[in-house]
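All remarks here apply to the structure that follows.
The values are calculated or read from the model by the stated rules, or taken from the named source; none is laboratory data. If you're wondering where the values come from, they're calculated on a predicted model, not measured in any experiment. Heads up, the Cβs are rebuilt from the backbone with ideal geometry, glycines too, and the neighbour counts pull from every protein chain shown.
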Amino acid sequence: MSTEADKQEAKAWYRRYRSLRMKLALFVGGAALIFGAMLWFGKKMLSVAPASGVPLGECVRTDAHIASLIQSTDPHLPEITGRGGNTTTSISLLLIPLDGGEPKKIPIAEGLTSNQYALAKILGSDGTTLWFDVNGIGGVDVQRMELLEPADVRDPYVPESKWPFAISPDSYLAAGFIAAPGQWYGLHSTEEAQGEFAPKKFVRRVVAQEDRKRMRRFHRGTLDAPVDDKYHQIRSLDPINEAEYFNAAFLRMDDASEPLRLADPDGALMIHTSAPGLQGTTVISRVDLNGNVLWSVDTEIDRFQLSQILPGKDAFAFVGTRVPVEGKLSEPLVVVVDNHTGKLTSHSLWR
């Protein structure tokens, strides 16, 4: 028969047991919370955050936008082996309005390996849909700025081009044009005026400008009647004024056309370099037929790193990088210049 002392000892043992069980439960629960927090913290803090996106491939001009693919590395755990085995890439489409509006970045795909986007490119646009090939054909509704569902993507519109490779910016540069019957208006260096543009030489209506990194001046010349409706003999050629522009040329719509003509007043667009040397930037100026500069804007694009010219009757777009600064990567830019007013909008392709 249990005594009172036995009963008190049993009660004390039960209290100790219940206390230990409670402490064990609290310990297990606390450990679970700590483990979960560490797991969350580790994913957040130990994973490598994505860097700014960079352009992928060439920019493409649509009726209302400049379009560029942007690639960025997905968040991932630190790479120890150096093989990059756990890194993947996301691809987005950046649409830059030609009217100066804010760009729109539209995600296309994520979690891609390098072989899945190595051949990624923009295919073309019909003004309503823009098609791309990023691990498969897809499309974006450029009116709603939304990615199309796969079921809504039809056969892509791909503009025909005679160029199998990227079009050089030099294709859009001209040395001069016939401003009026029998009148030549050109940008020439002293050597050029005494050489291929000297009196008794012949010119066509379409003359490409050579990238010779020379100081050029505006010249006015007189021409004889065309031979075979193609060749005009130069009778005389004289500089209009003393102003000189480094590596200057007129802008045109393609390699088969004369420079784009502007009205009120009659004139054209000139591209030139801000200064000789390796620090020169791309400058766009509107000029009249008397050699006067009506306005001039600096795109801040390194003239020798100008990679694309995307022409248009209302605005030209220029793609390239800033002048390099030691120890820093050069920022890629898309710069849109209104042909009539000179209004400039600049957009970084780091996104």
Checklist line | Any chance GLU102 is within 22 Å of the chain's Cα centre (by Cα) and loosely packed, with under 11 Cβ neighbours inside 10 Å | finding: yes
Next item on the list: Mind counting the residues in region 186-213 that are part of a loop (DSSP other than H, G, I, E, B), under 20 Å from ILE271 (Cβ atoms) and touching a Leu at 6+ places or on another chain (Cβ under 9 Å)?
Entry: 4
Next item on the list: Inspect region 198-210 for any residue being at pLDDT below 95, under 29 Å from the mean Cα position of the chain (by Cα), under 30 Å from GLN305 (Cα atoms) and surrounded by 14 or more Cβ atoms within 10 Å (Cβ to Cβ) and give the result as yes or no.
Entry: yes
Note to self: With surrounded by 14 or more Cβ atoms within 10 Å (Cβ to Cβ) and among the aromatic types (Phe, Trp, Tyr) as the only criterion, which of PHE165, PHE132 stands out?
What the structure shows: PHE132
Item checked: Residue check, SER171 touching a Phe, Trp or Tyr at 6+ places or on another chain (Cβ under 9 Å), among the hydroxyl-bearing types (Ser, Thr, Tyr) and either more than 16 Å from LEU69 (Cβ to Cβ) or modelled with pLDDT under 90 (or both) -> yes
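Between ARG216, ARG220, which is within 18 Å of ALA179 (Cα to Cα) and either at pLDDT 95 or above or not in a strand (DSSP E or B) (or both)?
ARG220
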Check: farther than 22 Å from GLU258 by Cβ and of a type in the set (Lys, Arg), is that true of LYS313?
Finding: no
Note to self: I'd like to verify a number: residues in region 326-351 that are without any contact (Cβ under 8 Å) to a residue 24 or more places away in the chain and within 14 Å of the chain's Cα centre (by Cα), how many?
What the structure shows: 2
Checklist line | region 105-139: number of residues that are aliphatic (A, V, I, L, M), under 11 Å from PRO156 (Cα atoms) and either under 18 Å from the mean Cα position of the chain (by Cα) or not in a strand (DSSP E or B) (or both) | finding: 3
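Of these, LEU333, LEU294, LEU269, which one is farther than 24 Å from GLY101 by Cβ, at pLDDT 95 or above, of a type in the set (A, V, I, L, M, F, W, C) and part of a strand (DSSP E or B)?
Matching residue, one of LEU333, LEU294, LEU269: LEU294.
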